[in-house]
Each structure stands twice: as structure tokens, then as C-alpha cells.
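Trainee: The structure that follows is given in the form of C-alpha cells.
The values are calculated or read from the model by the stated rules, or taken from the named source; none is laboratory data. What you see is a predicted model, and the numbers here were worked out from it, not measured in a lab. Cβ sites come from the backbone with ideal geometry, for glycine too, and all protein chains shown count toward neighbours.
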Amino acid sequence: MASHDKTPPPAVDQLGRHVAMPESPGRAVLERVANPHADTFYVARFTVPEFTSLCPVTGQPDFAHLVIDYVPNAWLVESKSLKLYLSAFRNHGAFHEDCTVAIGKRLVDLLEPHYLRIGGYWYPRGGIPIDVFWQSGACPEGVWLPDQGVAPYRGRG
């Protein structure tokens, strides 16, 4: 289906409606829509500069800047459902590595993309920033995959 076709998009349950924030990432409903350019390799990027979760030990908030890049196949993630899913981590206790990798794997399971990578740039806790990177495989040859654009942590100096 090309972007200029008049065929209505597949039904999604959350778009255009008031939807409460899910209680947990496991209860969040991620939705997908058909990719109108499934015959073309391209990168779609989601930048989440205010991601939050909870430390599973102390219950204190952890903050990250996430960058999700993927090369869609037949499916695109519906962005409102992604926003609700990511917001559900605000009350979820998990280590940085677990949050970052779990998000990447859940998107790969849903979308079956040609390629997906996620960069989790976590703000320091206890004086140590933890950056977590995961990808589903190799990016298809010839795809322009820009740098994620997040500077390495340099402290205040």
C-alpha cells in the first residue's frame, strides 16, 4: 500500500482515544500498522530523552535518553502505543541493562524488522553512567544509519 492510497489503515485500539498509562510494561499493549513502503529499506528513529524507570533495589528513579533505530519490514510500531509502553517503565523496577534490552527484544518480537538497535544512555547513579547498546543483527547493506547523536557522558567539566 503506497502512502497515497485511499485504503484505510488497519484498526488500532489506542490511537485517537484516551488510554490510561499501563500499570507495567508487561501489561502495555504495543500495536503495529502496515508499512506502506515495505519494499524500501529506510531507518525510522524514536528518540526518548526523558525515559524513566525505578532502581529495583532502592526504588529511586533512574533516567535515560533512549534512541531506537529500526529498518522496518512489513510492520511499523504505532507511536502512541510505544509512548504508553515506555511510560509504563516509570513504575517498573529493573536494572538499566534489563530495561534497554527488554525494550529492543519486545519491539523485534512485534515488528520482525530487518534491523533494530537501541541505545540506552543512562544518567549517572552513584557517580557511574551506564550506557547499554543492543541490536538485532546486522543493518542491511546500503542503509544510511546515522550516529545516534548522544554525546558520551563527560561530567560537568
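Trainee: Checking V101 against (1) under 28 Å from G16 (Cα atoms); (2) within 12 Å of the chain's Cα centre (by Cα); (3) part of a helix (DSSP H, G or I), which single condition isn't satisfied?
Mentor: (1)
Trainee: Could you count how many residues in region 68-81 are within 10 Å of the chain's Cα centre (by Cα) and surrounded by fewer than 21 Cβ atoms within 10 Å (Cβ to Cβ)?
Mentor: Number satisfying all stated conditions: 1.
Trainee: Before we move on, is G120 of a type in the set (G, A, S) and either within 22 Å of L30 (Cβ to Cβ) or part of a strand (DSSP E or B) (or both)?
Mentor: yes
Trainee: Output the residue which, of all residues in region 40-64 that are under 17 Å from L116 (Cα atoms) and out of contact with any Leu (no Cβ under 9 Å at 6 or more places or on another chain), is surrounded by the most Cβ atoms within 10 Å (Cβ to Cβ).
Mentor: Across region 40-64, the extreme among qualifying residues is F41.
Trainee: Right, something else. Going through R27, R45 one at a time, which residue ends up being touching a strand residue (DSSP E or B) at 6+ places or on another chain (Cβ under 7 Å) and of a type in the set (D, E, K, R)?
Mentor: R45
Trainee: How about region 123-151: which of its residues are part of a loop (DSSP other than H, G, I, E, B) and under 12 Å from H65 (Cβ atoms)?
Mentor: Residues satisfying the conditions are Y123, P129, Q148, G149, V150, A151.
Trainee: Can I ask one more? If the requirement is being farther than 23 Å from G149 by Cβ and among the charged types (D, E, K, R), which of these qualifies: D131, D62, D109?
Mentor: D109
Trainee: Among the residues in region 83-92, are any at pLDDT below 95 and farther than 27 Å from V143 by Cα?
Mentor: The answer is yes, given that some residue of region 83-92 is at pLDDT below 95 and farther than 27 Å from V143 by Cα.
Trainee: Let me ask something additional. If you check S87 against the conditions, is it surrounded by 13 or more Cβ atoms within 10 Å (Cβ to Cβ) and either under 23 Å from P36 (Cβ atoms) or without any contact (Cβ under 8 Å) to a residue 12 or more places away in the chain (or both)?
Mentor: Spelling it out, it is not the case that S87 is surrounded by 13 or more Cβ atoms within 10 Å (Cβ to Cβ) and either under 23 Å from P36 (Cβ atoms) or without any contact (Cβ under 8 Å) to a residue 12 or more places away in the chain (or both).
Trainee: Quick check on my filter: what residues within region 76-121 are more than 14 Å from P56 (Cβ to Cβ) and among the aromatic types (F, W, Y)?
Mentor: Y85, Y115, Y121
Trainee: Report every pair of residues separated by at least 6 positions or lying on different chains whose Cβ atoms are under 6 Å apart, first residue within region 92-117 and in contact (Cβ under 8 Å) with a residue 60 or more places away in the chain, second part of a helix (DSSP H, G or I).
Mentor: H92/P25
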